[in-house]
Amino acid sequence: MSQPPRAARQRTALAYEILADSHWASAGATRLDGALALPERRATRTSAGTPYNLSVYDLALDLDRALEDFTRRHGDGEGIPAGRTAVAAYAARLAELSDAARIDYAQLRLAHDLAGALTIGDAAHVLGKMECPACLSWSLVGTQTRAGQWAATCRVVRCAVAPGVPRVFPLSDVARHHITRRDVDAA
Ligand SMILES: [Zn+2]
């Protein structure tokens, strides 16, 4: 079935938004936009066997959990505010307090943005602009682990861990590499 033109335009807009780094590049950004702001969306299933954890709603819950963990890592030990909007705002404030927190926050947001783009089937050209952390090629494609988690697989033959066994990275590793390289380039 073909998608309605409106949905197609929205998916394209999301991809360009992520490509432009507009909503996670600054530590103070608190908007939960992109895929996470549109819970009515459903995963675009292009293959069978997607066990769980692939709906946009699940992704939003994952982000909530990740932001809570982030506030535990970087908070001052006081209580985490109640409510997802308050937690997100608190995390964004903490992200401005140190370089370590800023980098951690940027990685967290990027990894979740990638998962969102992969979930709606719109991440090919985004991942294509990100380096493989091992061989530094623009060679990553979105794949899934057996547990249903999104990951990035390097297509470079010499990067494989064994003949016929490509190297697979959690999205957090790809995001960490990307943020670190970007910071080095900007220095
Ligand atoms: Zn590689």
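Using a probe of 1.4 angstrom and keeping all protein chains present, the accessible surface of the stretch 39-186 works out to 53 square angstrom per residue. Using the Cβ-Cβ distance between residue 158 and residue 183 with R0 set to 22 Å, the FRET efficiency from 1/(1 + (r/R0)^6) comes to roughly 0.20. Length available on full extension from residue 134 to residue 76: 0.36 nm per residue minus the Cα-Cα distance, which gives 17.4 nm. Loop-located chymotrypsin sites (Phe, Trp or Tyr not before Pro) in the stretch 48-144 (DSSP state not H, G, I, E or B) with no more than 10 neighbouring Cβ atoms inside 10 Å: 52.
Here the calculated FRET efficiency for residue 147 and residue 125, from their Cβ-Cβ distance with R0 = 35 Å, stands at 0.85, rounded to the nearest 0.05.
Is the stretch 121-170 rounded, prolate or oblate when judged by the Cα gyration tensor, a ≥ b ≥ c being the square roots of its eigenvalues, rounded requiring a/c under 1.5 and prolate requiring a/b larger than b/c? Verdict is oblate for the stretch 121-170.
Quick one: grab the alpha carbon gyration tensor of the stretch 39-186, order the square roots of its eigenvalues as a ≥ b ≥ c, and give me rounded if a/c is under 1.5, else prolate or oblate depending on whether a/b is larger than b/c. Oblate.
The calculated FRET efficiency for the pair residue 99 and residue 61, based on their C-beta separation and a Förster distance of 25 Å, comes to about 0.30. Carbon-plus-sulfur accessible fraction, the stretch 39-186 (probe radius 1.4 Å, protein heavy atoms only): 55%.
The values are calculated or read from the model by the stated rules, or taken from the named source; none is laboratory data. What you are looking at is a predicted structure, and each value in this text was computed from that prediction instead of being measured. In this analysis, Cβ positions are derived from the backbone assuming ideal geometry, glycine residues included, and neighbour counts consider all displayed protein chains. Note: accessible area is taken over every heavy atom of the protein model, side chains too, but ligands, DNA and RNA are not part of it. Shrake-Rupley method; radii C 1.70, N 1.55, O 1.52, S 1.80 Å.
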